[in-house]
Amino acid sequence: MTEFKTIDPAAVEMLKIAAEENISTAFSRAEEVKPCPIGETGACCKICFMGPCRLVGKTTRGVCGADVHTVAARNFARMVAGGASAHSDHGRDLAMTLLHVAKGEGQGYRIRDVAKLHAVARYMGIPTDGRTKEEIALDVATEALANFGRQTGQVTYVTRATKKRQEIWKKLGIVPRGVDREVVETLHRTHEGVDLDPENILRHALRTSLADGWGGSMLATDIGDILFGTPAPISTEINLGVLKEDQVNIIVHGHEPTLSEMIVAAAQDPELIAYAKSKGAKGINLAGICCTGNEILMRHGISPAGNFLHQELAIITGAVEAMIVDVQCIMQALASLAENYHTKLITTSPKAKIPGATHIEFDESRALDSAKEIVRTAIDNYPNRGKTRIPPIKNRLVAGFSHEYLNYMQGGIYRGSFRPLNDAIVQGRIRGAAGVVGCNNARVPQDEGIYNLVKEFVANDVLVVVTGCAATGSAKYGLLSPEIWAATGKGLREVCEAVGVPPVLHLGSCVDNSRILTVLTQMATEGGLGEDIDDLPAVGICPEYMCEKAIAIGTYFVASGAYVLFGVHSPVSASDVVTRLMTEGWESQVGGKLEFEPDWRKILEKSLAHIDKKREKLGLVPWDPNRFGKSGDAVMMEYLKTVAASK
Ligand code: NFS
């Protein structure tokens, strides 16, 4: 490790400059601001004004008598509600956009993927025969919006889970009704003096998380695909080296594709390109940060400039004319940082303003015009650029794996299924599957856990799916490029070569973790690997979680039956009761469990042990690293060499 908490050489280069110029970043602030040792463990209660009560040492109860178990459970449930709100509000916004498009409003948007619209309509029981796409879209948007305010019944997509899973949820009383209802109920239950039983609080946390995973997030993914296209493999470059010396560099940062899609369109507008040239630039170069970066990467091949901890570093290059942000994961520090450079920080959402930033509200009714106005502001800023220092560091990556594409690649349009994947797992060519997802966290070395885990999984014949900042954190080091083949286990390599996919599949942004739910459900129902997600030899890992959204995601994977491991530290470590409820307790109730383990090596050990245990339980042959590798491209190349030599 370097003196900086990152394994990324591009980040190191920028952090050296920041140190020389006395510029503060999240990396330096993480050294200066120590985490509160009480809040960090979940032992601080600040939900009423007799406190805050800090339940440490001899203090075992707060003024109201709440013990540390109730306090830690309440804190955790509120994190789930916060995370579920963020992703689900994003889903709601997309449903609103679809509604506008269906009504012929929403300038610049259209229904791009009619096949996906029909598939979603089928999930929702909406008729499609003889109807226009606008008529169908109107019903789909209306049904999607009903998921938020529904008071009784269930969110529409509950029926997409396996029958067994639906039964488990029903029996436990955690079938999510409406997104808003579950979130509000969490806030009510965790208000002072309401639900004081940790087990009962945590059970509702499961329900709230399900409203996110199988509700708001899944709708966000589906409607995003309808409006902007379902992703298919696409290749480009990644890291700060994608910024261009001679072009207007615009970074879109945040989450909702409604904004970034229009910025993509505006940046390709010939008039604006000519305008950029009139200012002395050779063109307009768009790059992404965080999940909005993943959205436009997946659908347009726009290069990501980095993940969460790169947002400040991009500005320090001095080469960014504008950073355009909407909602989520946007550091307040960007505003004061940008004052040191010519970069304009432009906020666009009425929900998210930052003191010191320029606010240009993105108006969806005239979306394209709004986007053009924002891009023009960036171009106007190009002549103000001073010294630049773009690190010449980038890597190639392949992204764009929707679950539809995964299905298609395993047999084409007519015979697409998950059979080949399931068979490969049954035979032991593929040992199991791992999802590596989530954020960067300035408290731990940037990308270290993500990189090492993905690398080791692949070497051990574990197929990996990645999303969010973990996807970016893998791609920056070539793990999503052909370079990875040499380090891939023999069995996994054979399968991937036969099917024509890499061993690390980029499934998109964090709302697209819902794509993983769909993939896992499809694997479970395909046959040969049990009946439900908790039967699969699979794990979910969030090595560097940073925010509440990650907690909500982890929780809905557990509620869906997955073994989930988080890095960093446990936000409930103050309570052995809560820790046990989330592990043994949840495992007995829903088949999945949530553990926190700061050391990535231990995460790896536990993951592989879990995968092997599930293989054994399914009665599959034990994984043997040397059993396969006698076919495939690598062997063919060797064979061809021998043939050539013998001539
Ligand atoms: Ni996910 Fe996306 Fe990144 Fe973490 Fe933030 S961008 S929604 S929360 S930091 S992965």
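The values are calculated or read from the model by the stated rules, or taken from the named source; none is laboratory data. Remember, predicted model here, so these are calculated numbers, not experimental data. Note: ideal-geometry Cβ built from the backbone for every residue, glycine included; neighbour counts use all protein chains shown.
Go through the range 285-308 residue by residue and tally those that are of a type in the set (Ser, Thr, Tyr) and closer than 20 Å to residue 246 by Cα.
Qualifying residue count, the range 285-308: 1.
I need the full set of residues from the range 55-65 which are over 35 Å from the mean Cα position of the chain (by Cα) and not basic (Lys, Arg), in order please.
57, 59, 60, 62, 63, 64, 65
May I ask you to list the residues in the range 510-534 that are in a loop (DSSP other than H, G, I, E, B) and either in contact with a Pro (Cβ under 8 Å, 6 or more places away or on another chain) or among the basic types (Lys, Arg) (or both)?
Passing the criteria: only 529.
Can you work out which of the residues in the range 427-469 that are within 12 Å of the ligand (Cβ to nearest atom) and among the aliphatic types (A, V, I, L, M) is farthest from residue 538 (Cα to Cα)?
The residue in question is 442.
Could you list, in sequence order, all residues of the range 185-223 that are more than 16 Å from the chain's Cα centre (by Cα), among the small types (Gly, Ala, Ser) and within 15 Å of residue 557 (Cβ to Cβ)?
205, 211, listed by residue number.
So, in the range 453-497, how many residues would count as being closer than 20 Å to residue 9 by Cβ, modelled with pLDDT of 95 or more, more than 17 Å from the chain's Cα centre (by Cα) and not in a loop (DSSP other than H, G, I, E, B)?
Number of matching residues: 1.
Suppose we keep only residues that are surrounded by fewer than 24 Cβ atoms within 10 Å (Cβ to Cβ) and among the charged types (D, E, K, R) within the range 240-257. Which one would you say is farthest from the chain's Cα centre (by Cα)?
Among them, the one singled out is 246.
Residue 442 - would you say it is more than 13 Å from the chain's Cα centre (by Cα), within 19 Å of residue 611 (Cβ to Cβ) and at pLDDT 95 or above?
No.
Wholly within the range 234-341, which strands (runs of 3 or more DSSP E) include no fewer than the required count, namely at least 1 residues that are among the charged types (D, E, K, R) and away from the ligand (no atom under 13 Å from the Cβ)?
Fully inside the range 234-341 and qualifying: 234-238.
Return yes when residue 398 is touching a strand residue (DSSP E or B) at 6+ places or on another chain (Cβ under 6 Å) and within 16 Å of the ligand (Cβ to nearest atom) and no when it is not.
no
Going through the range 555-584 one residue at a time, which ones are away from the ligand (no atom under 16 Å from the Cβ) and at positive phi?
Across the range 555-584, the qualifying residue is only 561.
If I filter the range 71-89 for residues that are among the β-branched types (Val, Ile, Thr), within 21 Å of residue 554 (Cα to Cα) and out of contact with any Pro (no Cβ under 8 Å at 6 or more places or on another chain), do I get at least one hit?
yes
Got at least one residue in the range 546-564 being without any contact (Cβ under 8 Å) to a residue 40 or more places away in the chain and either in the same structural domain as residue 441 (by TED's automatic domain parsing) or crowded, with 24+ Cβ neighbours inside 10 Å (or both)?
yes
Which members of the range 113-154 meet the condition of being surrounded by fewer than 17 Cβ atoms within 10 Å (Cβ to Cβ), among the charged types (D, E, K, R) and within 28 Å of the chain's Cα centre (by Cα)?
122
Among the residues of the range 575-607, which ones are in a loop (DSSP other than H, G, I, E, B) and in contact with a Leu (Cβ under 7 Å, 6 or more places away or on another chain)?
597
Residue by residue, here is whether (1) more than 14 Å from residue 574 (Cα to Cα); (2) assigned by TED's automatic domain parsing to the domain that holds residue 444; (3) among the aliphatic types (A, V, I, L, M); (4) in contact (Cβ under 8 Å) with a residue 40 or more places away in the chain holds:
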residue: 8; (1), (2), (3), (4): yes, no, no, yes
residue: 15; (1), (2), (3), (4): yes, no, yes, yes
residue: 24; (1), (2), (3), (4): yes, no, no, yes
residue: 32; (1), (2), (3), (4): yes, no, no, no
residue: 47; (1), (2), (3), (4): yes, no, yes, yes
residue: 51; (1), (2), (3), (4): yes, no, no, no
residue: 85; (1), (2), (3), (4): yes, no, no, yes
residue: 92; (1), (2), (3), (4): yes, no, no, yes
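Residue 422: more than 16 Å from the ligand (Cβ to nearest atom) and closer than 18 Å to residue 487 by Cα, yes or no?
No; evaluated as a whole, the condition is false for this residue.
Restricting attention to the range 510-534, and to residues there that are of a type in the set (S, T, N, Q) and more than 16 Å from the ligand (Cβ to nearest atom), which single residue is nearest to residue 161 (Cα to Cα)?
Looking at residues that are of a type in the set (S, T, N, Q) and more than 16 Å from the ligand (Cβ to nearest atom), I get 521.
Conditions first: (1) in contact with a strand residue (DSSP E or B) (Cβ under 9 Å, 6 or more places away or on another chain); (2) surrounded by 24 or more Cβ atoms within 10 Å (Cβ to Cβ). Residue 501 passes all but one, so which condition is the exception?
All conditions are met except number (2).
Which one is nearest to the ligand (Cβ to nearest atom) among residues in the range 535-554 that are of a type in the set (A, V, I, L, M) and assigned to a loop (DSSP other than H, G, I, E, B)?
Within the range 535-554, the match that is nearest to the ligand (Cβ to nearest atom) is 546.
Quick test of your reading of the structure: residue 332 fulfils all but one of (1) surrounded by fewer than 24 Cβ atoms within 10 Å (Cβ to Cβ); (2) within 22 Å of residue 379 (Cβ to Cβ); (3) not small (Gly, Ala, Ser). Name the failing condition by number.
In the conditions (1) surrounded by fewer than 24 Cβ atoms within 10 Å (Cβ to Cβ); (2) within 22 Å of residue 379 (Cβ to Cβ); (3) not small (Gly, Ala, Ser), residue 332 misses (2) alone.
Can you pull out every residue in the range 66-82 that is among the hydrophobic types (A, V, I, L, M, F, W, C) and either buried (at least 23 other Cβ atoms within 10 Å of the Cβ) or under 20 Å from the mean Cα position of the chain (by Cα) (or both)?
Within the range 66-82, 68, 71, 72, 73, 76, 77, 79, 80, 81 qualify.
Quick check, is residue 525 hydroxyl-bearing (Ser, Thr, Tyr), closer than 19 Å to residue 410 by Cα and under 15 Å from the mean Cα position of the chain (by Cα)?
no
Would you be able to say whether some residue in the range 360-369 is assigned to a loop (DSSP other than H, G, I, E, B), on the phi > 0 side of the Ramachandran plot and either free of Cβ contacts under 8 Å to residues at least 12 places away in the same chain or in the same structural domain as residue 513 (by TED's automatic domain parsing) (or both)?
Taking every residue of the range 360-369 in turn, none turns out to be assigned to a loop (DSSP other than H, G, I, E, B), on the phi > 0 side of the Ramachandran plot and either free of Cβ contacts under 8 Å to residues at least 12 places away in the same chain or in the same structural domain as residue 513 (by TED's automatic domain parsing) (or both).
So in the range 280-293, with the set limited to residues that are in contact (Cβ under 8 Å) with a residue 40 or more places away in the chain, surrounded by 14 or more Cβ atoms within 10 Å (Cβ to Cβ) and not β-branched (Val, Ile, Thr), which one is farthest from residue 250 (Cα to Cα)?
Checked the range 280-293; the qualifying residue farthest from residue 250 (Cα to Cα) is 291.
Does residue 509 fit the bill of being under 14 Å from the mean Cα position of the chain (by Cα) and free of Cβ contacts under 8 Å to residues at least 60 places away in the same chain?
Judged against the criteria, residue 509 is not a match.
Do you know which residues across the range 568-619 are in contact with a Ser or Thr (Cβ under 8 Å, 6 or more places away or on another chain), surrounded by fewer than 22 Cβ atoms within 10 Å (Cβ to Cβ) and β-branched (Val, Ile, Thr)?
Correct list: 579 only.
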